[in-house]
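Right, one structure below, let's go through it.
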Amino acid sequence: MPRTLIRKNPSNFKTLPLFVEATPEGLSYQSVGRALNFSQTLQRRRPVTVENSERFSLELANLGVSVRLTLHWQNRDYWVLVRQRRQDRGDVVLKLISGYVPAHELNLPLHTAIQEIAEECLLETPEGWLGGRFNDTWLPAPYSAALHYREALPFRLTPLSGSARPVRCANLMLIERPQAYVHVPTASLQLIYDLRLDVPKEAKPLSLFHVDERLEGDQLVARLDRKRPDLYLMPLHDGHPTAELYTLKKDQLYPASTRGLYLAESFAQQEGWLVRDERIRWKDWMRQQGLTPPEKHSGLARLRGKAKLLLKKMVPRKKVSS
């Protein structure tokens, strides 16, 4: 049975609409208007019209942040994806770890991104749940009232190389150089940070779980469901994704089905500063990436293979006369 970890009042969350200016050389944003709560923000997330994908000025509903998280575990790299039922869009997708940036962090969205990792990506060992550090800063332990966090063996977060085009909050350059795009269907500016998570070798056996908040009545509720870990690993080969998905439980990787799977819009094609799609089918994304799914060997095929081996052992080879 899912375990409730925390309850929040969504009216406590406040963010600000944005005014965004984009050119082929870079993008800048700044807050405009008055602070909005969660419900008011959702009401403003409506499609916008943008004709020139490289040069425009417009007002957007909010700033969102995502993390393209590369997990380094047992000498291999994996992208971390999470399953989300998007209540505002009525679909289920695999997406990057992501969230809304609150008003007081609009000029420091990296801080929001790090907190989202702490809230959404949970690493469990028999001795407890792992804490984390970003450089010299400890990540928050958002569910410490419900879960036991280990004091030793924190995982480590480090930044990876960022986007080539600069992004500014007013006149302040975001030095980590996140990838930026305007999501046309939701009138939002989205930033993607590339971060690496190193798991300590002693932290084993390791299991991974995703915890997401859902709006239930007048509360945001976060629950842990062990039967549905909802956190997936996509192996990387030479830094490039492969057409495989796994869950991780007690140091064992279990293949995950990709049948009928959709990925969130951050995997869709970007045109200039714009992403126009709501989501993309797994098969279409694989085709865009030039990937082919791994061969599946059916149970019948495996039985045939074993039968052939058995026959070879039973039937003696004919001697070749000289």
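With each label point set 7 Å from Cα along the Cα-Cβ vector, what nm distance links GLU127 and THR4?
That separation, rounded to one decimal, is 3.3 nm.
Any idea which of PRO185, LEU253, GLY162 is furthest toward the positive side of the dipole for segment 130-276, if Lys and Arg beta-carbons carry +1 and Asp and Glu beta-carbons -1?
LEU253
Write down the Kirkwood hydrodynamic radius of segment 112-226, to one decimal in angstroms, obtained as one divided by the mean of 1/r over all alpha carbon pairs. Don't jump to the answer; show the numbers that get you there.
Details: mean 1/r = 0.0614 Å⁻¹.
Answer for segment 112-226: a Kirkwood hydrodynamic radius of 16.3 Å.
Looking only at segment 31-62, which residues have a backbone nitrogen under 17 Å from a spot 7 Å from the Cα of ASN171 in the C-beta direction?
31
With a sphere of radius 15 Å drawn around the Cβ of ARG68, what net charge do the other residues whose Cβ falls strictly inside it have (Lys, Arg +1; Asp, Glu -1)?
Values: positive: LYS95, ARG177, ARG196; negative: ASP77, GLU116, GLU120, GLU176, ASP194, GLU265.
Spelling it out: positives minus negatives among the neighbours equals -3.
I need the fraction of alpha carbon pairs in segment 3-314 separated by more than 35 Å, rounded to a whole percent. Before the final figure, lay out the partial values.
On the way: 11208 of 48516 pairs.
Summing the P(r) tail past 35 Å for segment 3-314 gives 23 percent.
What is the Cα centroid distance between segment 63-81 and segment 216-295, reported in whole angstrom?
11
Quote the charge dipole size of the chain about the Cα centre in Debye, to the nearest 20; the model charges only the Cβ of Lys and Arg (+1) and of Asp and Glu (-1). Mind showing how you got there, number by number?
Working: 48 positive and 35 negative charges, 486 e Å.
It comes to approximately 2340 debye.
Under the 0.36 nm per residue contour assumption, what length would be gained going from the current alpha-carbon distance of SER11 and LEU291 to full extension? Walk me through the intermediate numbers first.
Numbers: separation 280, 0.36 × 280 = 100.80 nm, distance 4.35 nm.
Taking 0.36 nm per residue and subtracting the Cα distance, the gain is 96.4 nm.
Could you work out the helix-only [θ] at 222 nm for the chain, with each DSSP H run of four or more residues adding -39,500 (n - 2.57) and the total divided by the number of residues, to the nearest 500 deg cm²/dmol? Each step should come with its number before you reach the end.
On the way: 4 runs with 43 residues, N = 322.
The helix-only estimate for the chain comes to -4000 deg cm²/dmol at 222 nm.
Based on C-alpha coordinates, I'd like the Rg and Dmax of segment 60-144, in Å.
That works out to 14.3, 45 Å for Rg and Dmax.
For the residue pair ARG150 and LEU236, what label-to-label distance in nm results when each label sits 7 Å from Cα along the Cα-to-beta-carbon direction?
Result for the modelled spin labels: 2.3 nm.
Which aspartates and glutamates, on any chain, are close to LYS201 with Cα under 12 Å apart, when same-chain ones fewer than 8 places away are left out?
Of all the aspartates and glutamates, those that pass the test against LYS201 - Cα under 12 Å, at least 8 places apart if same chain - are ASP251.
For the Cα atoms of the chain, what angle does the longest principal axis make with the long axis of helix 109-120, in degrees from 0 to 90, nearest 10?
50
So, in Å, what gap is there between the alpha-carbon centers of segment 82-138 and segment 1-35?
So the separation of the two Cα centres works out to 14 Å.
Tilt of helix 299-314 relative to the longest C-alpha principal axis of the chain, in degrees (0 to 90, nearest 10)?
Helix 299-314 and the main axis of the chain meet at about 30 degrees.
If each residue of separation counts as 0.36 nm, what is the full-extension length gain between GLU25 and ALA164 once their alpha-carbon separation is subtracted? Each step should come with its number before you reach the end.
Details: separation 139, 0.36 × 139 = 50.04 nm, distance 0.96 nm.
Taking 0.36 nm per residue and subtracting the Cα distance, the gain is 49.1 nm.
In nm, to one decimal, how far is the modelled label at GLN269 from the one at ARG34, with both set 7 Å along Cα→Cβ?
4.3
Lys/Arg Cβ at +1, Asp/Glu Cβ at -1, dipole of segment 1-152 taken about the Cα centre: which of SER28, ALA146, ASN107 is farthest positive-ward?
ALA146
Provide the packing ranking of 167-175, 95-103, 116-124, i.e. peptides ordered by the mean count of other C-beta atoms within 10 Å per residue, highest first. Can you show the working numbers first?
Working: 167-175: 14.3, 95-103: 20.2, 116-124: 22.4.
Sorting 167-175, 95-103, 116-124 by mean packing, highest first, produces 116-124, 95-103, 167-175.
Based on Cα positions only, what radius of gyration and what Dmax would you give for segment 5-139, in angstroms?
Computed over the Cα atoms of segment 5-139, radius of gyration and Dmax are 17.4, 55 Å.
We did not get these values from a lab; they are worked out from the coordinates using the rules stated. In this text, all values refer to a predicted model and were calculated from it rather than measured experimentally. Quick reminder, even Gly has a Cβ in these numbers, built from the backbone with ideal geometry, and neighbours come from all protein chains shown.
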